[in-house]
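Just below is one structure, and these are the notes that go with it.
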Amino acid sequence: MINVHGFGNGRARLSRLVTEQKVASSPAKRRDSPPSTFASYTLTATSIGFAAANRIRGRGAIGRVHSIFSGAIDVVLRGGSMVSIVREEVGSGPTNIVTDLPRKRSMAELGVEKSDQVLRKSGEIRIGGKRAVLVSIQHARLYRTEKEFPTKPRSISEIRTNVAAVARTAASRGHHQGLGGLIPLLVPSGIEKTKRPAALNSFSRLALPRVRSLLSKIREGRISDLGTDVQNLAGLGPGLTPSGDDMLSGLMASLALIAHNLKGDAERVRRVNREIASSARKRTTMLSEEYLSQAARGETNEHFQELIKKMLTALPNEAKRSAELVLKVGETSGTDTVLGILLGFQLSLDEKSAVGVA
Amino acid sequence: MKGVSQAAVLMATPLNKRVLTDAGFKGSEVEKAGPDDLIIAIEAANEEALESPVARVEEMLSSRESMKAEEIRPRSLASAVKVMSDANLALISIPGRFAKREAMNALESGLDVFLFSSNVPREDEVELKEAAKARGLLVMGPDCGTSIINGVVLGFGNVVRRGSVGIVSASGTGIQQVSTLLDGEGLGLSHAIGTGGNDLSEKVGGTTTMEGIRLLEEDEDTRVIVLISKPPGPKTSAKILNAASGSNKPVVVNFLGEGDAGASKQVRAVTLEDAARMASGFVNGKRTGAHPFSVSESRVRSLAQSESSEMSKTQRYIRGLYSGGTLCYESQVVLTPLIGEVFSNAPLKPESRIDDATVSRKNACIDMGSEEFVVGRPHPMIDYSLRKNRLLQEARDPETAVVLLDVVLGYGSNEDPAREIRHTIASAKKLAGAGRRYLSVVASIIGTREDPQDLQKQAKELASVGVVLMPSNAQAARFAALVASRGAVGRKLFGNER
């Protein structure tokens, strides 16, 4: 969408070119949510993740509100799994139900409270009792991570150039309060390796030997030995999804999507990812566990998927631009996930690695 | 913060609890907290010092933003309209088979449409354009690469001055070539309306072109109108020419390759360069004659002589490798009368179609932006890799005398094309040299001084690897003909004015 009025010298207007009466007589139609006499707020879902759609299939009480943030209401379902009802800018994801809640409104202001019951009726989800929030899901688009990219992958050397470009961007523009500070130490990118462990924050310092150990075990194909390192990384660091989890999610999603698109050993990657996800169980938050188990199958948020896709198929500047967007996700989550994605690429492009495609 | 020695806000996972314990935050509250609890741990000198950090954490938790407002990516047209309620144009770039629905939604919301999508069925195009016409709106496209409305570039386009020339064009690179040439003359555009490549087909009948002419006719800032297209079908051609001749403003009609004729206010331009020159003549009130080159005959001849002096006898042919389809077509229009038949995957005549576009035959101009090359890849204006490989392939061919290139700058194009291609050009020349041949590389840069890629830097870098740069695509083609023919076409070029 472009407002052409806002550009140029302000004197000449497209409306003059494209007829004055259009602007006056045909205001853009809005499709506001229909008012409801029963609900305090009605949201319209624009997209629903594949896993979320499967999980809310039943009728009646399907779960309870687990936590509420300005951008998301997390719901724990009867079977113990989760879905998140989110604002648009969070983006589509396997367990996300993306709604049209305006950005200026917070999910926390809708009157929903922790432990409120969540009901499924035909075509909608109802959260809470008298002052319920309704989420209409009738017109939501089904989101599923695109695993096979339609654009042909670039050559290995071109992909390496993309990896280096993304690493440089993440090193200079990321948020390094979590594990992001490890990027210059772990990813070969032409970045000066000047950052010494002493300059790292306490989480990165703790994580560094464990990440190195984890990478070397994956490289050597020692899948059954991964558990200890994973347990020493899962649930580590700042963030509602702790840094270590974001890093592991990025690692697994990129390993899976790279193997899929570059004809790698998908079965071996599946085993690696299964081991990581199962070792992280009970070591972190419910939401993180959910993301880890999705990432193990190559299912991830659209922003992360887009970055992996760009690194595999696009030019360095496009990959860089995609990385810049991802780095702004959350406080540290974006940067930590990018670290994991870079490590996934590093392992996959290593000729001697058990999960290598080169 | 004053009085605070350390602070942490962490989810109470086993590892984080251990980190907190090691930092001295011990106690039953930490022990009892589970992974889904948030621990706010602050070590302060006294109770008072705690107030400010606790308030800050609460504020952060209640207003936690994951992305900035300006980066919202609306997921539907409806939500996009909510974000920007005063928008008046929708730019649509989605797979062709889904484009009609979105474009129709946009029209129903009162928005003009710039439809970048290709492979939109012809009947959908007709339906959309009729719907737009009924609402007094415009559908630019499908398959529309460039428009410039009120100085705002949509799609691929250059940073050109505002001025009094209005363009209606079925070709994106046509707009780019004419607008950059005008900019070089110190002139500018009022608007450039892209119509999409099929608008002038007999089936669509030029709906957007007709609408575009009407709008420019009504537009106070437009003094001269330029129409650009490959030659349309006879019925549509007659309709457009009729509309053009009825205009109160001078109209330059450039149906590429079709000759000069017409009344005083409606002139016909053979090439894009002619169209720019004629438009410039109308704006300045003095029509200038056509010259094959911007510099003197002697200078051109001497440069051509030096380019061909070290060529072997086998080197006879021109190989044009184009990112712009219309530039490829224009080169054929220029070359054919000079050197005879030119083979192409987008030929002037069906009998000149090349069997296999991946291998050149005799004199050939290849549109590398055509579908056979771009499926699954970025467009060659962005991604030079296919052209680089092809350049080396041509250099290995002992029959190649000249490689002709277009280098398109502006928004959407490669951010540094000269850097992208210069090493390959040097390697290609070396490859030919190893076979005791000299490969001439001739190019034109479609760009302006204000383009983000820095026109001068691009020109300097290309010249540094021996590329002969000409000021327009048409001149580049003429120069290539002069070199490949060892000057033999000079008589046709300089003997009499075209």
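Just so you know, all these numbers are worked out from the coordinates, no wet-lab data involved. Just so it is clear, the structure is predicted and the values come from calculations on it, not from any experiment. Glycine also receives a Cβ, built like all others from the backbone with ideal geometry; neighbour counts cover every protein chain displayed.
Longer than 30 Å from Cα to Cα, which of B:430/B:492; B:362/B:492; B:203/B:388; B:249/B:492; B:235/B:388; A:310/B:100 are they? Say none if no pair is. Beyond 30 Å between Cα atoms: B:430/B:492; B:203/B:388; B:249/B:492; B:235/B:388.
With everything on Cα atoms, drop me the angle between helix B:234-245 and the longest principal axis of chain B, reported from 0 to 90° to the nearest 10. It is inclined by approximately 90 degrees. For the protein assembly as shown, what class follows from the C-alpha gyration tensor (a ≥ b ≥ c being the square roots of its eigenvalues): rounded when a/c is under 1.5, otherwise prolate if a/b is larger than b/c, else oblate? Cα axes put the protein assembly as shown in the prolate bin. Think of the protein assembly as shown as a dipole: +1 on every Lys or Arg Cβ, -1 on every Asp or Glu Cβ, centred on the Cα centre; then among B:215, B:267, A:76, B:267 lies furthest on the positive end. For chain B, the longest principal axis of the alpha carbon atoms and the long axis of helix B:122-135 meet at an angle near 80°. Calculated FRET efficiency, residue B:98 to residue B:47, Cβ-Cβ distance, R0 = 60 Å: about 0.45 to the nearest 0.05.
Between residue B:306 and residue B:415, the contour length at 0.36 nm per residue exceeds the Cα-Cα span by 36.0 nm.
One quarter of the convex hull surface built on the alpha carbon atoms of the stretch B:167-210 amounts to 2.9 nm², the projected area averaged over directions.
Across chain B, the relative contact order, built from alpha-carbon pairs under 8 Å that are at least six residues apart, equals 11 percent. Within a straight-line Cα-Cα reach of under 25 Å, residue B:17 can be paired with the following lysines, leaving aside sequence neighbours fewer than 8 residues apart in one chain: A:114, A:282, B:26, B:32.
Is chain A rounded, prolate or oblate when judged by the Cα gyration tensor, a ≥ b ≥ c being the square roots of its eigenvalues, rounded requiring a/c under 1.5 and prolate requiring a/b larger than b/c? Don't skip to the answer; put the middle values down first.
Values: a/c = 1.99, a/b = 1.33, b/c = 1.49.
Oblate is the answer for chain A, as a/c is 1.5 or above yet b/c matches or exceeds a/b.
Computed from Cα atoms, the angle from the helix B:385-396 axis to the main principal axis of chain B rounds to 40 degrees. Only alpha carbons enter this Debye calculation for the stretch A:156-348, each as an equal point scatterer, and the log10 of I(q)/I(0) it gives at q = 0.08, 0.11, 0.19 Å⁻¹ is -0.21, -0.40, -1.34. The mean sequence distance of close C-alpha pairs (under 8 Å, at least 6 residues apart), as a share of the length of the stretch B:190-230, puts its relative contact order at 35 percent. Farthest toward the positive end of the dipole of the protein assembly as shown, out of A:298, A:353, B:228, is the Cα of A:353, where the dipole comes from beta carbon charges about the Cα centre.
Remark: the residue B:214-residue B:460 segment gains 84.3 nm on full extension, using 0.36 nm per residue and subtracting the alpha carbon distance.
Put a plus charge on the Cβ of each Lys and Arg, a minus charge on the Cβ of each Asp and Glu, and nothing anywhere else: the dipole of the stretch A:156-348 about its Cα centre is then about 480 debye. The order of the peptides A:264-271, A:276-283 by mean Cβ neighbours within 10 Å, most packed first, is A:276-283, A:264-271.
By the gyration tensor of its Cα atoms, with a ≥ b ≥ c the square roots of the eigenvalues, what is the shape of the stretch B:297-494: rounded for a/c under 1.5, prolate for a/b over b/c, or oblate? Because its axes are fairly even, with a/c under 1.5, the stretch B:297-494 counts as rounded. The smallest convex shape that holds all Cα atoms of the stretch A:247-288, its convex hull, gives 59 Å³ per residue.
Under the membrane-span-like helix rule (DSSP H runs whose alpha carbons stretch at least 24 Å along the helix axis, mean Kyte-Doolittle hydropathy -0.5 or higher), chain A yields A:156-173, A:202-220, A:243-261. Panel values: the stretch A:251-358, Kirkwood radius from alpha carbon pairs, Stokes-Einstein at 25 °C and 0.890 mPa s, translational diffusion coefficient 176 µm²/s.
In the calculated pair-distance distribution of the stretch B:74-135, the portion above 15 angstrom amounts to 45 percent of the Cα-Cα pairs. The charge dipole of the protein assembly as shown, taken about its Cα centre with unit charges on the Cβ atoms of Lys, Arg (+1), Asp and Glu (-1) only, comes to about 1140 debye.
In peptide A:82-91, what is the residue-averaged number of other protein chain Cβ atoms found within 10 Å of each Cβ?
3
Using alpha-carbon positions, what is the distance between the centroids of the stretch B:107-140 and the stretch B:214-260, in Å? When both Cα centres are located, 21 Å separates them.
Contour minus end-to-end for residue B:359 and residue B:450, with contour as 0.36 nm per residue of separation and end-to-end as the Cα-Cα distance? Working shown, then result.
Values: separation 91, 0.36 × 91 = 32.76 nm, distance 3.67 nm.
Additional length available on full extension: 29.1 nm.
Using alpha carbons only, what's the Rg to Rh ratio of chain B with Rh from Kirkwood?
On the way: Rg = 29.2 Å, Rh = 25.6 Å.
My calculation of the ratio gives 1.14.
What FRET efficiency would be calculated for the residue pair residue B:22, residue A:64, taking the C-beta separation as r and a Förster radius of 35 Å, to the nearest 0.05?
On the way: r = 35 Å, r/R0 = 0.99.
Efficiency computed from Cβ-Cβ geometry: 0.50.
Peptide B:12-24 is shielded by partner chain Cβ atoms: per residue, an average of 4 of them sit within 10 Å of its Cβ.
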